[in-house]
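Student: Questions regarding the structure given below will be posed in turn.
The values are calculated or read from the model by the stated rules, or taken from the named source; none is laboratory data. Predicted model, so just to flag it, every value in this text is computed and none were measured. Heads up, the Cβs are rebuilt from the backbone with ideal geometry, glycines too, and the neighbour counts pull from every protein chain shown. Remember, those area values only see protein heavy atoms, side chains included, never the ligands or the DNA or RNA. Shrake-Rupley method; radii C 1.70, N 1.55, O 1.52, S 1.80 Å.
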Amino acid sequence: MPTCPLVDCHTHTSFSDGHASFEDNVRAAAAAGCRAMVSTDHLTLPASMDANCEVQVIEGDLTAHRLAFEDARKLAAQIAPELELVYGFECDWYEGCEPLVERWSAGAIVRLGSVHWIGNPGDIMAGAAGTAGTENVARPDTPDSRCGWIDDDTNLHVWENLGVLGVWERYVDWRRACESSLNFDVMAHPDLVMRFSKEGFAPDFDPAPFWQQMAECAHDTGRRVEVSTAAPRKGLDDYYPSTGLLRCFAHAEVPITFGSDAHRACDICWNIREAQAHAYDCGYRAFDIPHPTGEWEPTPLD
């Protein structure tokens with residue numbers, strides 16, 4: 001698809017859990033010929049979910065984060081005038097998150113809605129991570145061991161305690177994220193629950209009923225979903241969403257965009273061309289491109 005615009009709507013920097021600066025990502029996007037890149041560092045989280053501040057932009061860094069982005073936008077204007085750089089966050093949905101996400105993501109143009117955590121995170125009002133409230137952190141040897149991150153390969157207690165079906169049943173609360181009052185522009189990596197499917201946690205049941213529920217919910221709530229190249233980069237044989245789910249989204253006429261979920265500059269725009277061709281094969285004929293104004297432009301996928 002040589003004429004199809006190249007976009008990357010999901011990227012990270014070292015302000016959260018990435019390994020590159022805004023400027024590094026801009027240079028990589030410019031070299032790739034990217035038309036639009038969205039910066040989506042992980043938004044601030046409650047201490048009960050990330051007490052050690054390992055994956056987020058902590059509250060005290062939000063101002064510096066925005067200033068660094070603006071400096072990178074000036075660089076983009078100099079070296080790649082055709083590249084539109086858009087400010088955003090990847091915003092985790094969890095029980096009771098709405099007022100916190102509204103506050104911490106103020107000023108964002110694009111908000112990715114994602115579900116990495118299942119279960120009740122505890123007293124989320126105990127304080128932002130890095131400020132207060134570590135007493136509610138879930139640990140494998142507590143009754144909260146069925147709560148936690150589903151994509152953390154250093155701690156698989158959630159999978160071990162709930163089993164694959166149990167994790168899927170809870171993960172499909174993804175629908176509650178779609179139904180949230182939060183203004184999520186895109187639902188990121190919709191079936192992240194496939195993350196460890198090649199490491200002993202593949203579904204041993206037909207996931208089609210779950211896919212259908214997710215597609216219907218995305219359609220009914222007017223959400224856009226991301227086709228993410230993170231899955232093949234992590235060794236999976238498919239994308240997020242997997243082919244069956246993407247076809248369900250296409251049948252339900254759920255709009256899409258594309259993202260790499262890059263945590264390193266060298267992964268900016270990784271495999272996006274292939275993902276565009278894959279989406280076409282799954283029935284899509286258009287995708288959406290974001291602009292710094294907050295508008296999304298439907299664009300032919302050809």
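Student: Taking the condition of being outside any helix (DSSP H, G or I) and either hydrophobic (A, V, I, L, M, F, W, C) or more than 21 Å from residue 299 (Cα to Cα) (or both), how many residues in segment 18-41 meet it?
Tutor: Final tally of qualifying residues: 10.
Student: So if I check each of 39, 48, which one is small (Gly, Ala, Ser), at pLDDT below 95 and open to solvent by less than 30 Å² (accessible area, probe 1.4 Å)?
Tutor: 48
Student: While we're here: Taking only pairs six or more apart or across chains, which ones have beta-carbon atoms under 7 Å, a first residue in segment 216-241 that is closer than 13 Å to residue 176 by Cα and free of Cβ contacts under 8 Å to residues at least 40 places away in the same chain, and a second residue that is open to solvent by 10 Å² or more (accessible area, probe 1.4 Å) and of a type in the set (A, V, I, L, M)?
Tutor: Qualifying pairs under 7 Å: 216/252.
Student: Could you say whether any residue in segment 81-100 is in contact with an Asp or Glu (Cβ under 9 Å, 6 or more places away or on another chain), in contact (Cβ under 8 Å) with a residue 40 or more places away in the chain and aliphatic (A, V, I, L, M)?
Tutor: Within segment 81-100, not a single residue is in contact with an Asp or Glu (Cβ under 9 Å, 6 or more places away or on another chain), in contact (Cβ under 8 Å) with a residue 40 or more places away in the chain and aliphatic (A, V, I, L, M).
Student: Need the failing condition index for residue 293 against (1) within 24 Å of residue 178 (Cβ to Cβ); (2) of a type in the set (Ser, Thr, Tyr); (3) open to solvent by 50 Å² or more (accessible area, probe 1.4 Å), just the number.
Tutor: Of (1) within 24 Å of residue 178 (Cβ to Cβ); (2) of a type in the set (Ser, Thr, Tyr); (3) open to solvent by 50 Å² or more (accessible area, probe 1.4 Å), only one is false for residue 293: (1).
Residue-by-condition table, conditions (1) part of a loop (DSSP other than H, G, I, E, B); (2) in contact with a Cys (Cβ under 7 Å, 6 or more places away or on another chain); (3) acidic (Asp, Glu):
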{"site": "197", "(1), (2), (3)": "yes, no, no"}
{"site": "203", "(1), (2), (3)": "yes, no, no"}
{"site": "209", "(1), (2), (3)": "no, no, no"}
{"site": "237", "(1), (2), (3)": "yes, no, yes"}
{"site": "269", "(1), (2), (3)": "yes, yes, no"}
{"site": "279", "(1), (2), (3)": "no, no, no"}
{"site": "287", "(1), (2), (3)": "no, no, no"}
{"site": "292", "(1), (2), (3)": "yes, no, no"}
{"site": "298", "(1), (2), (3)": "no, no, no"}
